[in-house]
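Nothing in this text is a laboratory measurement; each read-out follows from the coordinates by a stated rule. Just so it is clear, the structure is predicted and the values come from calculations on it, not from any experiment. Neighbour counts run over all protein chains shown; Cβ positions are idealised from the backbone, glycine included.
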Amino acid sequence: MRVKTCIGIAAGLALLVGLVANQSLQAGQARSATSGSGAVEKGSVSSGFATDLKPVPGYPPRCSTNVNVQPDVFPIRVGTVTSDDGKKWTAPAPVVSDGAMAVDVYNNCVGPGDNPDYVSQLKTVVVDNDGVEITGFIHADNYFELYVNGKFIARDSIAMTPFNTSVVRFKAKYPMTYAIMGVDWETHQGIGMEYNVFNVGDAGMIAYFSDGNGTHTDWRADTFYIAPLDDPACVRVTEAGAIPASVHSRSVRPAA
């Protein structure tokens with residue numbers, strides 16, 4: 001049994017192997033990230049807030065429960081930034097806008113919290129008809145999209161906070177590639193910061209699948225968007241990770 005695994009998570013965007021762009025701007029980012037002569041690219045740098053802010057379809061305008069959420073979390077939006085080299089980027093990430101959402105194991109934003117009926121709510125996404133059925137549990141801070149063998153499986157039902165936990169089920173065959181795009185969402189699109197106090201966000205993800213695979217040390221990660229960043233010269237791009245990053249600078253307070 002051979003499984004190829006990869007995961008990415010960053011302050012903004014981690015774009016992974018096997019992702020197929022389905023939007024013009026996203027396609028441009030994907031082409032920029034994979035084109036070139038093989039030389040290590042240094043990435044792009046932008047500063048300032050994103051413009052042309054648009055809500056991401058499928059997310060509620062607010063939580064329907066009495067849960068404590070920062071007032072600027074909703075609506076869930078993405079915007080556009082232009083880097084110094086003239087390229088346009090989606091911030092915080094070019095996410096899927098019409099894909100199916102994962103079933104919640106826990107969601108206290110639009111649900112009561114624990115969901116005891118999650119098994120009956122699962123639908124199997126068929127990647128390969130002659131594959132094996134696998135169930136996966138994913139918890140992301142903040143957002144994820146899961147792809148298996150290049151096919152979209154599901155996206156997170158809560159793009160930012162409050163935190164939720166998701167479950168997916170799919171049918172695929174080996175050799176198998178798990179690819180997860182992780183996004184640490186921002187409420188100040190374009191500068192990698194969140195909430196009215198302009199916090200610097202953190203990020204994390206954990207995923208486990210019923211075939212024994214999960215976010216172990218053998219998974220590979222590529223980071224494509226780092227923000228905020230005081231000095232782009234701090235970023236080191238190696239041949240092993242030669243896909244360029246969109247780096248936002250001049251958007252962080254001086255260190256205390």
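Of note:
- Ranking of C234, C109 by count of other Cβ atoms within 10 Å, fewest first: C234, C109
- Whichever aspartates and glutamates have a C-alpha closer than 17 Å to that of K151, once near sequence neighbours (fewer than 8 apart) are set aside: D98, D128, D130, E133
- Stretched out straight at 0.36 nm per residue, the stretch from N129 to V197 would grow longer than its current Cα-Cα span by 19.5 nm.
- When you count the other C-beta atoms within 10 angstrom of each residue and take the mean per peptide, 150-157, 75-82 line up highest first as 150-157, 75-82.
- Sequentially through the range 90-105, phi angles give Karplus couplings (6.51, -1.76, 1.60; θ = phi - 60°) of 8, 10, x, 6, x, 8, 5, 9, 9, x, 5, 9, 5, 6, 8, 8 Hz, Gly and Pro residues having no value and appearing as x.
- Sorting 126-137, 43-54 by average packing, meaning the other beta carbons within 10 Å per residue, from highest down gives 43-54, 126-137.
- V96 long-range amide H proximity, modeled H, under 5 Å: none
- Spin-label model, L53 to Q70: label points 7 Å out along the Cα-to-beta-carbon direction sit 1.3 nm apart.
- Distant-in-sequence amide contacts of G190, defined by a placed amide H-H separation under 5 Å and a gap of 5 or more residues or a different chain, comprise A50.
- Here the 3J(HN,Hα) profile of the range 209-220, calculated from phi with Karplus coefficients 6.51, -1.76 and 1.60 at θ = phi - 60°, is 10, 5, 8, x, 7, x, 7, 9, 6, 8, 7, 9 Hz, Gly and Pro shown as x.
- Our coupling estimate for the range 57-74, obtained by passing each phi through the Karplus curve with A = 6.51, B = -1.76, C = 1.60 and θ = phi - 60°, is x, x, 9, x, x, 6, 6, 8, 10, 8, 10, 7, 10, 4, x, 9, 5, 9 Hz, Gly and Pro reported as x.
- Shape call, the range 60-201: gyration tensor on alpha carbons, a/c limit 1.5: oblate
- Amide H contacts of R77 (H built 1.01 Å from N, under 5 Å, at least 5 apart or other chain): V56
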